[in-house]
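Below is one structure; the comments refer to it alone.
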Amino acid sequence: MEDVIVSTDMYLETRPLVRSVSVEAGEDYWIDEDDLRKSLEREQAIKNRKTMEGEIPKEKLRTEVAAPYKQNWIGAISVFVIFLATIIKEFPDLLQSPVIPIPDL
């Protein structure tokens, strides 16, 4: 007698005993591979198009982010005033005018 070997992995289909488990696992339907690939490509194209519509050019974004730091006059004036206040506090004699004695002739 000949031994006949049957390959079972070509037509093997498994089904869970409980239907709710199959629904939760996503095994309750079948999608053609070509349709699935086309659907995924379409979703990716829509996603890319949406990101391109709202995208700001990198150069414009860089200038807008750096603008508050380049034109910060209030900050520069504040630092200058704090610098002057520190010098006056540390060296109070700088504000006193020197007394120059005038000689009698």
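The values are calculated or read from the model by the stated rules, or taken from the named source; none is laboratory data. Bear in mind the structure is a predicted one, so any value in this text is a computation, not a measurement. No Cβ is skipped: glycine too gets one built from the backbone with ideal geometry, and neighbour counts run over all protein chains shown.
Summary of values
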{"quantity": "Complete set of residues in the stretch 76-105 that are surrounded by fewer than 10 Cβ atoms within 10 Å (Cβ to Cβ) and hydroxyl-bearing (S, T, Y)", "calculated": "S97"}
{"quantity": "Filtered residues of the stretch 61-75 (kept if surrounded by 10 or more Cβ atoms within 10 Å (Cβ to Cβ) and not basic (K, R))", "calculated": "L61, T63, E64, A66, A67, Q71, N72, G75"}
{"quantity": "All positions within the stretch 15-29 that are surrounded by fewer than 10 Cβ atoms within 10 Å (Cβ to Cβ) and either modelled with pLDDT of 65 or more or within 37 Å of the chain's Cα centre (by Cα) (or both)", "calculated": "A25, G26"}
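Residues are listed down the side, and each one gets a yes or a no for (1) modelled with pLDDT under 85; (2) part of a loop (DSSP other than H, G, I, E, B):
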position: A67; (1), (2): yes, no
position: I74; (1), (2): no, no
position: V79; (1), (2): no, no
position: F83; (1), (2): no, no
position: I88; (1), (2): no, no
position: D93; (1), (2): no, no
position: L105; (1), (2): yes, yes
